[in-house]
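Input: a single structure, listed below in structure tokens.
The values are calculated or read from the model by the stated rules, or taken from the named source; none is laboratory data. This one's a predicted model, so the numbers in the text were calculated from it and none came from an experiment. Please note that ligands, DNA and RNA were not included when accessible areas were found on the heavy atoms of the full protein model with its side chains. Shrake-Rupley method; radii C 1.70, N 1.55, O 1.52, S 1.80 Å.
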Amino acid sequence: MIIDASTWKPHGLINYPGLETKYLMAKQSVNDRGNLLVDRTAYKAVNLFEFLFNKFVFSDLKFSVSSQTPSNVQSRKACDIVIEAETPDRAWQTLCFAGAKRAANQTESLVKAVEDQALGYCKDFLTANSDINKVFACTIIGASIRCWTYSQGDEDLVGFWDGQSRDSYRYYLDIGDDANVARLNHAFNFMKSNPDLSAAVQHES
């Protein structure tokens, strides 16, 4: 896929021609209901958002973006993307879990599967770190995303938009759509400005 930089124009959060290629590949991996056309193409969504988070959204040195990181030191479940924030004592603590649908043997709907997976990461993390009150999550389907908060004692994720509504692609925002920029930037800026940091976090050494 080749982008003509001389005619290309920024749109949504896609503000760099090289990001356009990743965006189109991720967007074309799902149909209009959010279902993967080919299961193995989920990596295209992870590739897009890892680049976006690293280079643009969480590019400040006080944040770290990494892939295939467990939710806590006891867990064997690796999350697609984990965003960490630097603590006052120069340790690193999970700020946000970001996951895309990838398991080929899921029998649940695509959206429910990725949201349940994110909920599991958040629960595992806060169970291992009882002095931390909340953690954030992003669930990703193709080139669309939904942002969440999960707090100690909650039964479920709470969306930055549409609240407790779950399990539907209609609540996901395409990052290439100009109409979604304000809502997405608000969510990302809130995460960055409101980390619940603890020096006692249970993270990988």
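Assorted remarks:
- Carbon + sulfur, % of accessible area of the chain - ligands and nucleic acids excluded, 1.4 Å: 47 percent
- Amide hydrogen neighbours beyond the local backbone of residue 143, cut-off 5 Å, H modeled: 27
- Taking 0.36 nm per residue of separation and subtracting the current Cα-Cα distance, fully stretching the chain between residue 78 and residue 91 would add 2.7 nm.
- The mean accessible area for residues of the chain, using a 1.4 Å probe and ignoring ligands and nucleic acids, is 48 Å² per residue.
- Kyte-Doolittle mean at least -0.5, axial Cα span of 18 Å or more - DSSP H helices of the chain: 110-128
- 3J(HN,Hα) along the stretch 4-16, derived from phi through the Karplus expression 6.51 cos²θ - 1.76 cosθ + 1.60 where θ = phi - 60°, amounts to 7, 4, 6, 10, 5, 10, x, 7, x, 8, 8, 10, 8 Hz, with x in place of Gly and Pro.
- Whichever lysines have a C-alpha closer than 21 Å to that of residue 192, once near sequence neighbours (fewer than 8 apart) are set aside: 55, 62, 123, 134
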